[in-house]
Amino acid sequence: MANFEQAKSNFILCIIDIGLPDIEGPNLAEKLLLLDPNINVLYISGYPEIKLKKQFPLIDQHHIMTKPFHLADLVNKIRAITLN
């Protein structure tokens, strides 16, 4: 969060795990979006996407990848998000 606050203009994408030790990913994303409403968010989780959408309704407004995934899939997703 501190890095984002100091250099938010350098960020075009935040990759956020749903299950973080100190804060849930969607809560972190909400704080980041208050600082920069145009930032892209990619959630990463080991939980099924449908379960995440039920637990966190606003998550559907962002991109989601479920684990496990291949590095090439992550790279392609990042490219797709950042090139739009």
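The values are calculated or read from the model by the stated rules, or taken from the named source; none is laboratory data. In this text the structure is predicted, and so the values were computed from the model without any measurement. Counting neighbours? That spans all protein chains shown, and the Cβs are built from the backbone with ideal geometry, glycine included. Please note that ligands, DNA and RNA were not included when accessible areas were found on the heavy atoms of the full protein model with its side chains. Shrake-Rupley method; radii C 1.70, N 1.55, O 1.52, S 1.80 Å.
For the reader, a short list of remarks on this structure follows.
- Hits in region 34-60 - residues which are polar (S, T, N, Q) and farther than 13 Å from ILE16 by Cβ: ASN38, GLN55
- Applying the condition of being part of a helix (DSSP H, G or I) and modelled with pLDDT under 90 to region 28-54 and asking which residue is least open to solvent (accessible area, probe 1.4 Å) yields LEU52.
- Whichever residue in region 10-27 is part of a loop (DSSP other than H, G, I, E, B) and not charged (D, E, K, R) and, among such residues, is surrounded by the fewest Cβ atoms within 10 Å (Cβ to Cβ): PRO21
- Every residue from region 28-84 that is basic (Lys, Arg), in contact with a helix residue (DSSP H, G or I) (Cβ under 9 Å, 6 or more places away or on another chain) and within 28 Å of SER9 (Cα to Cα): LYS31
- Number of positions in region 36-57 that are among the hydrophobic types (A, V, I, L, M, F, W, C) and more than 12 Å from the chain's Cα centre (by Cα): 3
- Cβ separations smaller than 7 Å between residues 6+ apart or across chains give the following pairs from region 54-72 residues that are without any contact (Cβ under 8 Å) to a residue 24 or more places away in the chain to residues that are open to solvent by 50 Å² or more (accessible area, probe 1.4 Å) and in a helix (DSSP H, G or I): ASP60/LYS53; HIS63/LYS77; ILE64/GLU49; MET65/LYS77; THR66/GLU49.
- Note on region 55-84: among residues that are open to solvent by less than 50 Å² (accessible area, probe 1.4 Å) and touching a Phe, Trp or Tyr at 6+ places or on another chain (Cβ under 8 Å), the one that is farthest from LYS31 (Cα to Cα) is MET65.
- Every listed requirement among (1) open to solvent by less than 60 Å² (accessible area, probe 1.4 Å); (2) touching a residue at least 12 places away in the same chain (Cβ under 8 Å) is met by ALA7 save one, (2).
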